[in-house]
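Shown next, in structure tokens, is the structure this report addresses.
The values are calculated or read from the model by the stated rules, or taken from the named source; none is laboratory data. This structure is a prediction, so every number in the text was calculated from the model and none was measured. All Cβ positions, even for glycine, are placed from backbone atoms using ideal geometry, and neighbour counts span all protein chains on display.
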Amino acid sequence: MRGTKSPGRAELPVDRAPGSPDGSSVDPISDVRARATGSGRCSVPVRKPAASLLLVGSTINPAHSAKYERMAADLGFASRFRMASCTLDELPDFLAAADVAVVPRPESAGIPTKLLNYMAAGNAIVSFKQSATILQHGETALLVEPATAENFAQGILSLLDDPTLAQRLRTNVKRFVVGRFDWPSIAAKLEAVYAGLATKSPANTRGSEPDKPGINGQVSHLSRRQS
């Protein structure tokens, strides 16, 4: 989202198109997602007329694009709304330019991939609370509850109005993700799991297992049959 003082971009607060970097579906969407810009005094376009929204994905469906352009027109910010495609290699550049990055899902069973991307990029994040349960409100993100469009819009406005808070969230979330969710840390944890499984494999424990009686009293270990 482009604020009034600093250039930037953020995704439209709706789910992304199939094949996009976060893998979510852009259609259909709920009313909360569709109207996450808020209304009346809490409306982002009304309070921040210079703000702009950008929906980014690796694949943009033309039908979806037309639908959301009409939606932006109905909400009064068509001239400040764009949809753009990008590759995964290009995604960090878009995220680095964002004043605010949003997770508009009212709830998520796991950790949305878009949230991990934002964390890794050190974005100032606004999310519904139940879609970012690993983060702490006011410390690593601005978490919205209850999950209403007006509350979500107010969260966006809070960060656009308070650059100091936004910068603190960026610093804290970047520090939080390193050592927990970055690729080197994930690889080390995965290697530890595989190493633990390897030590428990039959090939590594066979020598310590007791002989087991088989058919007609024969022992099961080949070494005993050959002795």
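Structural remarks
- Near pairs, Cβ below 9 angstrom, 6+ apart or cross-chain, from region 112-126 (closer than 11 Å to residue 166 by Cβ) to any residue that is buried (at least 24 other Cβ atoms within 10 Å of the Cβ) and of a type in the set (Phe, Trp, Tyr): 124/118; 125/118; 126/152
- Beta carbons closer than 7 Å, at least 6 apart along the sequence or on distinct chains, pair a first residue in region 64-86 that is in contact (Cβ under 8 Å) with a residue 12 or more places away in the chain and surrounded by 13 or more Cβ atoms within 10 Å (Cβ to Cβ) with a second that is hydroxyl-bearing (Ser, Thr, Tyr) and assigned to a helix (DSSP H, G or I) for 83/65; 83/68.
- Taken across region 182-189, residues that are outside any helix (DSSP H, G or I), within 25 Å of residue 127 (Cβ to Cβ) and at pLDDT 65 or above do occur, with at least one present.
- Subset of region 50-59 (residues that are surrounded by fewer than 19 Cβ atoms within 10 Å (Cβ to Cβ) and either of a type outside the set (S, T, N, Q) or modelled with pLDDT of 90 or more (or both)): 50
- Extreme residue, surrounded by the most Cβ atoms within 10 Å (Cβ to Cβ), among residues of region 123-138 that are within 29 Å of residue 46 (Cβ to Cβ) and over 12 Å from the mean Cα position of the chain (by Cα): 124
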